[in-house]
Each structure stands twice: as C-alpha cells, then as structure tokens.
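Here is the structure we will look at, set down as structure tokens.
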Protein chains: 2
Amino acid sequence: MSDARTAPEPGDFDLQKVLEALVDPVRRSILAQLDAAGEDLRCGLVDIPVSKSTATHHFKVLREAGLIRQYYVGTARMSGLRRAEVEEAFPGLLDIVIPRHATVP
Amino acid sequence: MSDARTAPEPGDFDLQKVLEALVDPVRRSILAQLDAAGEDLRCGLVDIPVSKSTATHHFKVLREAGLIRQYYVGTARMSGLRRAEVEEAFPGLLDIVIPRHATVP
C-alpha cells in the first residue's frame, strides 16, 4: 500500500496552507532532510530538535499542505518530499525555501 | 530624498523574515496592489480591511523584510514593491505569492 494518506493534487494546493507550513524553520529542516535523502525516510530518521509528538504535528502540517507524502510500510511511517508536485504548482519555491545541500563550487 | 528607510540589499534578505511577512494574506494583498499599480503609491491608496495603525504595522513588516521600500514625499508616505531586488534574491517567489492580476488569455 503506498501513499494512503491523501494529499492535494498539484492544482489544488492552498497557498495559505503552504506558506503556513513553510514559515516554521523546523518544518523547512524536515523538507531539506527529505530532499537531501533523495528517497522516502522513516520519520524517526529525520533529525529535528523537538519531542516525538511535536515532530508528528510538524509532519502532519507538511502533509496537509501537500508538501510531503506519508504512508506506512508495516509499522514504520514513511515520509517523502513531493518535489515534482510542488514544483509543478509553485515553480522555484522549493529551491528558495530549502537550502541547497551539495552545491560545492 | 528617496528611499530614506533602509531595506536589505538583495544578498542580505532573511528568508525567515520574508516568509513571516508573506504568510499574512493582508500583507500579500498589499504586495499585489503595489505590483498592480506599477508605481509607488501613497499608503492610503492601498485598500486593506484593517485599521490605520494595523496597516502601518503591516507595511513595516513588509519593509523590514525587504519586500517594499517606503519614503516620504512631503507629508505623504509612499510605498513601492521592490520587485527587482526580491526577484534577484528569490527568483520566482513573487509570481507564486502574488496572484497575477491581468493574465487575460
């Protein structure tokens, strides 16, 4: 079973919810780590300085804004950046809000 | 005297302050109206559904984030979108957060 939790289609993104999700630096850090990983991660592998319940809240805000997908593999909750969908809806936005992680000159 | 109030140089924008400014729909409306005007406006000509003191606060947040310039002409406080500077620092961001006002097909 993949991507069981619904997320907006590209045309359905709500700019207000997206900006509310992005304004929190912890949530931008989650996005940056998912981007750097290049693959979907177990939530526990994302390093953020907050309690587990707060982390769960942050992931939920990101998911409901459509910025990430979440789904279960067995008992592990996986998360992944919806880069293609976000890029289609808001061209350039991810490159602005996620620091480039490997732009060695 | 023009642009007496300091605003960030393009390389000095603080993404956190920019996102905090943009997350408020009233402030995005101000930006949209300044963009649509195509010229600097007296603050009183920007139509937003808030008190004068609240409006002043919104303009201040936008100015301190570097998104607008403000200056006086006589006793009139003028405001203008810093489109070129914002576009240089965050390519594509304004097109995402400001609804296109005249994209008739």
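The values are calculated or read from the model by the stated rules, or taken from the named source; none is laboratory data. Note that the structure is a prediction, hence the values are computed from the model and not measured. Here the Cβ positions follow ideal geometry from the backbone for every residue, glycine too, while neighbour counts run over all protein chains shown. Side chains are part of the model used for accessible areas, which takes the heavy atoms of the whole protein and leaves out ligands, DNA and RNA. Shrake-Rupley method; radii C 1.70, N 1.55, O 1.52, S 1.80 Å.
Heavy atoms of chains A and B lose about 1200 Å² of accessible surface on contact, summed over both sides with a 1.4 Å probe. Per residue, the accessible area of the stretch B:11-92 comes to 48 Å², computed with a 1.4 Å probe over protein heavy atoms only. Among B:Pro49, B:Pro91, B:Pro25, the largest mean-square fluctuation in a Gaussian network model of chain B (Cα springs under 10 Å) belongs to B:Pro49. Applying both filters, DSSP loop and at most 13 other Cβ atoms within 10 Å, to the GluC sites (Glu not before Pro) of the stretch B:39-105 gives B:Glu39.
Per-atom-type breakdown for the stretch A:11-92 gives carbon and sulfur 51% of the accessible area (1.4 Å probe, protein chains only). Ranked from shortest, the separations from the 7 Å Cα-to-Cβ label point of B:Gly74 to its equivalents in the other copies are 7.6 nm. Given the options A:Leu41, A:Leu62, A:Leu31, which has the most mean-square fluctuation in a GNM of chain A, springs set between C-alpha atoms less than 10 angstrom apart? Looking only at A:Leu41, A:Leu62, A:Leu31, the biggest GNM fluctuation is shown by A:Leu41. The spacing between the stretch A:44-75 and the stretch B:44-68, judged by their C-alpha centroids, is 35 Å.
Scanning chain B for the beta carbon that comes closest to the axis linking it by rotation to A yields B:Gly92, 2, distance in whole angstrom.
Hydrodynamic radius of the stretch A:11-92 by the Kirkwood approach over all distinct alpha-carbon pairs: 12.8 Å. Each other copy places its own label point for B:Val50 at 2.5 nm from this one, sorted shortest first, where the point lies 7 Å along the Cα-to-beta carbon line. If you sort the three axes of the alpha carbon gyration tensor as a ≥ b ≥ c, you get a/c of 1.5 or more for the protein assembly as shown and a/b above b/c, which makes it prolate. Label-point spacing for A:Gly38 across the identical copies (point 7 Å from Cα in the Cβ direction), in nm and ascending order: 4.7.
Near B:Arg77, the amide H atoms lying under 5 Å from its own belong to B:Cys43; only residues 5 or more places off or on other chains count, and H is placed 1.01 Å from N.
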